[in-house]
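Here's the structure, in structure tokens; my notes come after.
The values are calculated or read from the model by the stated rules, or taken from the named source; none is laboratory data. As the structure is a computational prediction, the values presented were derived from the model and not from experiment. All Cβ positions, glycine included, derive from the backbone under ideal geometry; neighbour counts span all protein chains shown. Surface areas here come from the heavy atoms of the whole protein model, side chains and all, with no ligands, DNA or RNA. Shrake-Rupley method; radii C 1.70, N 1.55, O 1.52, S 1.80 Å.
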Amino acid sequence: MELYEQKEHVERVILVGIQTGDSDPAEASLDELGELAKTAGAVVVGRMIQNREQMHPATYIGKGKILELKEMIWETDATGIICDDELSSAQLGNLEQELECKVMDRTLLILDIFAARAVSSEGKIQVELAQLRYRASRLVGLGHSLSRLGGGIGTRGPGEKKLEMDRRLIRERISRLKKELKEVEQHRELIRTQRKESHRKVAALVGYTSAGKSSIENALTGAGILEDAMLFSTLDTTTRALELGGKQTVLLTDTVGFIRKLPHHLVEAFKSTLKEAIYADIIIHVVDASNPQMDTQMYVVYETLRQLGVKEKPIVTLFNKQDQVETPGAFRDFQADYTVCTSARTGEGLEELKQVLLEILRKDLVYVERLYPFPEAGKIQRIREIGELLEEEYVPEGIQIKAYVPYGF
């Protein structure tokens with residue numbers, strides 16, 4: 001029997017961006033787009049940037065650049081292009097017609113990555129919901145040839161067109177997914193309520209994608225989360241208990257990474273996951289200190305937190321990946337209450353982080369010295385759960401303790 005070798009088809013893409021006067025540098029944005037394309041499994045064979053006051057409303061780039069792009073596609077044998085901004089349905093259609101190749105935008109690329117990385121049922125629901133919302137806003141009619149006759153008696157006219165049918169099916173699917181997601185959110189709310197009643201504090205890890213949030217959680221708690229150099233290596237939230245000095249515990253929860261030009265569809269779909277940052281007691285902002293775009297990435301994170309309504313929470317900024325920093329220097333974050341230089345790989349700064357978290361938790365507690373009679377010994381176990389037991393001594397009258405406890409305990 002003759003065997004045939006099957007090779008997986010690899011997309012060869014050209015990156016296309018617009019540099020406007022008031023926007024971020026297009027070169028840096030295209031660098032990130034290239035990383036996203038690599039994460040999605042594509043090979044970047046070229047890039048093009050056009051200086052314009054604003055994107056062309058019909059074709060994203062001008063006619064001259066379209067001709068130049070046509071030649072580049074032929075020369076590089078590219079199978080498609082990826083535009084660095086979210087395109088309208090008209091721009092997508094016009095570019096495909098002009099270039100006669102696959103046209104993708106930044107949002108579609110991120111959605112593809114999320115679809116490949118989603119593991120939990122919640123993550124899959126959120127991704128599908130975002131994909132349907134994106135698709136619903138870009139449905140274009142395909143003419144009378146795709147209309148179908150109605151199925152009732154006395155039906156007149158062409159009936160329901162293919163476009164209308166697609167829109168109806170998408171609306172119905174979105175409605176079902178929203179219902180499923182609401183049930184997941186109710187389950188999350190129940191867990192949050194239980195945490196609040198148990199007085200267990202929660203610290204949420206937030207940061208730009210690939211800043212090292214998963215590595216930090218693994219190093220601190222041994223959570224076993226996937227660590228990958230690719231962007232968006234993990235989407236699903238993971239929560240683990242972190243022991244602080246053996247006397248206090250905080251719940252450490254991971255969140256999906258942020259990115260510049262984060263699609264609105266994703267923010268809406270992932271709100272139930274991102275709410276972990278809203279309801280957390282402490283925000284741990286993880287920053288890739290070795291990245292030249294560090295300041296821009298920090299701005300994106302704070303802007304996203306502002307959009308989510310995260311405010312008035314203690315913020316600890318970790319300048320991570322110190323083992324990769326070429327020129328060590330002073331790192332500052334004026335929006336943070338504490339800053340710590342860390343390295344998940346070498347363990348640098350992790351003990352200091354624990355001390356900072358302990359200091360923050362103690363601000364909500366009051367120091368007490370009490371004597372509990374032996375019949376009330378059960379309260380000491382409660383202190384271990386909701387506070388911090390420093391010392392206990394058995395005396396004839398009972399148990400003498402020194403501890404930090406919540407107000408009113």
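Where helices (runs of 4 or more DSSP H) sit wholly within the stretch 29-131, those with at least 2 residues that are within 16 Å of the chain's Cα centre (by Cα) and buried (at least 21 other Cβ atoms within 10 Å of the Cβ) occupy 106-117. Of the set (1) under 23 Å from the mean Cα position of the chain (by Cα); (2) surrounded by 15 or more Cβ atoms within 10 Å (Cβ to Cβ), all apply to ILE360 but (1).
Do you know which residues across the stretch 388-403 are touching a helix residue (DSSP H, G or I) at 6+ places or on another chain (Cβ under 9 Å) and in contact (Cβ under 8 Å) with a residue 60 or more places away in the chain? Hits for the stretch 388-403 are GLU388, LEU389. The set of residues from the stretch 4-18 being modelled with pLDDT under 90 and surrounded by 13 or more Cβ atoms within 10 Å (Cβ to Cβ) comprises just one member, GLU11.
In this structure, is PHE374 open to solvent by 20 Å² or more (accessible area, probe 1.4 Å) and touching a Cys at 6+ places or on another chain (Cβ under 9 Å)? Step through it out loud before you land on a result.
Working: open to solvent by 20 Å² or more (accessible area, probe 1.4 Å): yes; touching a Cys at 6+ places or on another chain (Cβ under 9 Å): no.
No; evaluated as a whole, the condition is false for this residue.
Out of all the residues in the stretch 297-341, which are out of contact with any Cys (no Cβ under 9 Å at 6 or more places or on another chain), aliphatic (A, V, I, L, M) and either surrounded by 18 or more Cβ atoms within 10 Å (Cβ to Cβ) or under 22 Å from VAL202 (Cα atoms) (or both)? Can you show your working first?
Residues of the stretch 297-341 that are out of contact with any Cys (no Cβ under 9 Å at 6 or more places or on another chain), as a first pass: 297-317, 321, 323-324, 326-327, 329-330, 332-341.
Applying the additional criterion that residues be aliphatic (A, V, I, L, M) yields 298, 300-301, 305, 308, 310, 315-316, 330, 336, 340.
Selection gives MET298, VAL300, VAL301, LEU305, LEU308, VAL310, ILE315, VAL316, ALA336, VAL340.
Among the residues of the stretch 377-401, not one is among the aromatic types (Phe, Trp, Tyr) and loosely packed, with under 10 Cβ neighbours inside 10 Å. Scanning the stretch 247-256 for residues being in a loop (DSSP other than H, G, I, E, B) and touching a helix residue (DSSP H, G or I) at 6+ places or on another chain (Cβ under 7 Å) gives a total of 2. Can you spot a residue in the stretch 313-336 that is in contact (Cβ under 8 Å) with a residue 40 or more places away in the chain, farther than 15 Å from HIS285 by Cβ and assigned to a strand (DSSP E or B)? Looking for residues that are in contact (Cβ under 8 Å) with a residue 40 or more places away in the chain, farther than 15 Å from HIS285 by Cβ and assigned to a strand (DSSP E or B), one finds none in the stretch 313-336, hence no. Scanning the stretch 40-92 for residues that are closer than 21 Å to GLY21 by Cβ and hydroxyl-bearing (Ser, Thr, Tyr) gives THR59, TYR60.
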